[in-house]
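The values are calculated or read from the model by the stated rules, or taken from the named source; none is laboratory data. Owing to the predicted nature of the structure, the values given are computational and were not obtained by experimental measurement. Virtual Cβ from ideal backbone geometry, glycine too; neighbours counted across all protein chains shown. Only protein heavy atoms, including side chains, enter the accessible area calculation; ligands, DNA and RNA are left aside. Shrake-Rupley method; radii C 1.70, N 1.55, O 1.52, S 1.80 Å.
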Amino acid sequence: MNDQTTPRSTDALRAAARKHLLFYGRDFADVIITRAAGAYMYDSTGRAILDFSSGQMCATIGHNHPAIRTALEKAARDVIHLDSTKLAPAVIELAEELCALLPPSLQKALFLSTGSESNEAAIRLAKLHTGGFEIAALSGSWHGMTAGSQASTYASGRRGYGPSLPGTFALPPPNAFRCPIRHCQDRCTGTCLDVGFELFDGWSVGAGAAVIVEPIQSANGMIVPPEGYLKRLKRFCADRGMLLIFDEAQTGLGRTGSMFAFESEDVVPDVITLSKTLGAGVPLSATITSDTIDADARTKSFSFYTSHVSDPMTAEVGLAVVRLITAERLADRARDLGQHLMAGLRELQQRFEVIGDIRGRGLLVGVELVEDRHSRRPAHDLMQRVTRRCLDMGLNINKAGGPNAVWRIAPPLTIEPSELDAGIGLLDEALRGCGAR
Ligand SMILES: Cc1ncc(COP(=O)(O)O)c(C=O)c1O
């Protein structure tokens, strides 16, 4: 056991991790991170690693931003936690300031801890409000690991746990690079949406409650729907008396170049959920809906208590994050830096045949690796080797895309253009070093 006075060696920490940490999906990287600041993490040897994934796509304002530190210190001085009937000013102000960024039909917020919980609450609200129980989501989506949100998660983790929730249905996603209905090539016409709802209508017992979607699917490989898709989706929902839930865990609060991804689509959901980017590294999420749905849910005794509902400490951080993103116009910055990133990656694509596709919006970008552009077979082995080499060279990038080989590039919105260039340079070097053509 550690005597808690001498710092432990990296090897000793790794050995303790192997002994005591339960496997939860992916092996841990060899590095032990002892500090993080801005766009960088620093390992136990003091080596800097540029973080192109903002931690778990959360640290949008950079790691350990002083505003977060100040908010945490304030909460530690004032109030960290209360019972679920008590409110602290930060919670009320967060609701007020967040709702001020949203349309008039999204003005009632519930604050929870994780993205899974926020979707769980959204799904429960939809069921209670509509009286239905059927939930459709896009295949390849990720909405969380708790029972309700996991039932609508199709990216992974479905096998081996027994029955999922009855009434959940997967629609084909608008993936232009790999059309799920083998209809389009490189330009999605949205036919998948018609086909999906034809299938849904045949399958449904007439108890539709909601469709839940990420406006840009992230775990599925940065799938950006074609213009008009989300608007049509809203109409499909309304025609069936179903609510539309946008899960903006990753896309919300500036990452895609607008405050919320739905803004660029001229469509407003019935419920929006926010998480990762709202706490920017602390566990805070929100489920936001209309006055009408809130009033109806109240008459039907809606409940969603958790130990940390409306917690002051995380709200204090959320408030600081919302204020900083607004004051520093980080959504505009993400839009501009996104163009810079895209241009750098497109230049790489001209030199590497294995880069089959680049897509995304703002600072949420997917880079899909293929064995060759004709077969489009996913280049998993190459992706694994290059990802590993990047980390060795000081760049953290993560894989997404389910069965396909897609890097998700989602650095903090506060990253400097020179840091973006440095990351692209490292990626270039790693691709060359691994023999990519
Ligand atoms: C779009 C989306 N929704 C929900 C979640 C679940 O959030 P959490 O892991 O905080 O429960 C995730 C997590 O990756 C996500 O990407």
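Which one of 173, 417, 163 has the biggest mean-square fluctuation once the chain is modelled by GNM with Cα springs under 10 Å? Checking each option, the largest mean-square fluctuation is seen for 163.
In the chain, the DSSP-assigned H stretches of four residues or longer account for a calculated mean residue ellipticity at 222 nm of -11500 deg cm²/dmol, using -39500 (n - 2.57) per stretch and the full residue count as denominator. Loop-resident GluC sites (Glu not before Pro) (DSSP state other than H, G, I, E or B) in the range 153-251 with no more than 13 further Cβ atoms inside 10 Å of their Cβ: 227. Over the chain, accessible surface divided per residue gives 45 Å², non-protein components excluded, 1.4 Å probe.
Compared with the alpha-carbon gap, the fully stretched path from residue 393 to residue 295 is longer by 29.8 nm at 0.36 nm per residue.
Which residue, chosen from 280, 87, 297, occupies the Cα position most advanced towards the positive end of the dipole of the range 67-327, where the dipole is computed from +1 (Lys, Arg) and -1 (Asp, Glu) charges on Cβ about the Cα centre? Checked the options; the winner is 280.
Per residue, how big is the convex hull around the C-alpha atoms of the chain? Give it to me in cubic angstrom, could you?
Taking the convex hull of the Cα positions in the chain, it is 154 Å³ per residue.
Evaluating 6.51 cos²θ - 1.76 cosθ + 1.60 at θ = phi - 60° for every residue in the range 116-124, the Karplus couplings come out as 4, 5, 5, 6, 4, 5, 4, 5, 5 Hz, glycine and proline recorded as x.
Carbon-plus-sulfur fraction of the accessible area of the chain, 1.4 Å probe, in percent? Before the final figure, lay out the partial values.
Numbers: 10440 of 19640 Å².
Summing carbon and sulfur atoms, their accessible area is 53 percent of the total for the chain.
Sorted largest first, the spans of the alpha carbon positions of the range 67-327 along the three principal axes are 58, 39, 38 Å.
Taken about its Cα centre, the range 67-327 carries a charge dipole of roughly 500 debye when the Cβ of each Lys and Arg holds +1 and the Cβ of each Asp and Glu holds -1.
For residue 27, the solvent-accessible surface with a 1.4 Å probe is about 130 Å², rounded to the nearest 10. For the range 1-93, chymotrypsin sites (Phe, Trp or Tyr not before Pro) are listed when DSSP marks them as loop and at most 15 other Cβ atoms sit within 10 Å of their Cβ; the list is 23, 24, 28. Think of the chain as a dipole: +1 on every Lys or Arg Cβ, -1 on every Asp or Glu Cβ, centred on the Cα centre; then among 325, 397, 267, 397 lies furthest on the positive end. Residue separation of residue 346 and residue 21 scaled by 0.36 nm, minus their Cα-Cα distance, works out to 113.0 nm of gained length. Histogrammed with a bin width of 5 Å, the alpha carbon distances of the range 179-278 distribute as 2, 12, 22, 24, 19, 14, 5, 1 percent, first bin at zero. Positive end of the dipole of the chain (Cβ unit charges, origin at the Cα centre): among 209, 125, 12, the Cα lying farthest that way belongs to 12. How far is the Cα center of the range 371-437 from the Cα center of the range 273-301, in Å? Each part's Cα centre sits 35 Å from the other's.
Short-range pairs are left out: with C-alpha atoms under 8 Å and at least six residues apart, the relative contact order of the chain is 21 percent.
Give the ranking of 359, 232, 388, 255 by solvent-accessible surface, highest area first, calculated with a 1.4 Å probe.
Details: 359 30, 232 60, 388 120, 255 0 Å².
The residues order as 388, 232, 359, 255, largest area first.
Whole-percent P(r), the range 103-192, all Cα pairs, 10 Å bins from 0: 15, 37, 32, 15, 1.
Computed over all pairs of different Cα atoms, the Kirkwood value for the hydrodynamic radius of the range 392-437 is 11.9 Å. Normalised by the number of residues in the range 67-327, the mean separation of alpha-carbon contacts (under 8 Å, six or more apart) gives a relative contact order of 31 percent. Compute the distance from the alpha-carbon center of the range 141-155 to that of the range 11-27, in whole Å. One Cα centre to the other: 26 Å. Computed about the Cα centre, the dipole magnitude for the chain is approximately 920 debye when only Lys and Arg (+1) and Asp and Glu (-1) carry charge, each at its Cβ. Just how much of residue 268 is accessible, in Å², when a 1.4 Å probe is used and the result is rounded to the nearest 10? About 50 Å², ignoring ligands and nucleic acids.
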